[in-house]
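Taking it in order: structure first as structure tokens, then the write-up.
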């Protein structure tokens, strides 16, 4: 896994250098956009590999959550969703700490919510990754004062100008150290979510 992290760092670094170099060359705008798109996807894959190198493979740790993808996504979309969930798990360790109290966990993209909540304009989010965790009716390890039993918790993760996580419910926010509903946490590492 350590070698994968080194390789991923190299890919991200090389992609960034290449993007900078291509942006400064006098080429037709269409060619520059093509190179920028290729480089951006290289950086996304590199970041995902870097995240996986530090966190481990999905499902290989006992304290990770097992997330069900609601659709048959292509490999790039799967990498984006799983990478976003992994980053959220790092930023909000209570999610994995109390994972045994979740009876259902699903993730997918939600472009409608981004537009409906105004995140497309205020934060520059396009589609966002939405993680939904359903808490057991009788949670064994969650603190009682969180009042999370029977709740479905929504974590909306977006990239764009202001990457981060939005938590509508107070119960969801508590997993990330907040105590109020409608909490937002800046997470620059989620910039790749598009």
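Structure notes:
- Filtered residue count, segment 121-141, keeping only those that are in contact (Cβ under 8 Å) with a residue 40 or more places away in the chain and either more than 16 Å from residue 193 (Cα to Cα) or surrounded by fewer than 19 Cβ atoms within 10 Å (Cβ to Cβ) (or both): 6
Rundown of residues vs (1) within 12 Å of residue 123 (Cα to Cα); (2) crowded, with 21+ Cβ neighbours inside 10 Å; (3) modelled with pLDDT under 95, yes/no style:
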position	(1), (2), (3)
149	no, no, no
157	yes, yes, no
162	yes, no, no
165	yes, yes, no
175	no, yes, no
186	yes, no, no
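- Filter result (over 18 Å from residue 68 (Cβ atoms) and touching a residue at least 12 places away in the same chain (Cβ under 8 Å)) within segment 99-119: 111, 113, 114, 117, 119
- Qualifying positions in segment 86-95 - under 15 Å from the mean Cα position of the chain (by Cα) and either touching a residue at least 60 places away in the same chain (Cβ under 8 Å) or surrounded by fewer than 18 Cβ atoms within 10 Å (Cβ to Cβ) (or both): 87, 88, 90, 91, 92, 93, 95
The values are calculated or read from the model by the stated rules, or taken from the named source; none is laboratory data. Not measured: the values here are computed from a predicted model. All Cβ positions, even for glycine, are placed from backbone atoms using ideal geometry, and neighbour counts span all protein chains on display.
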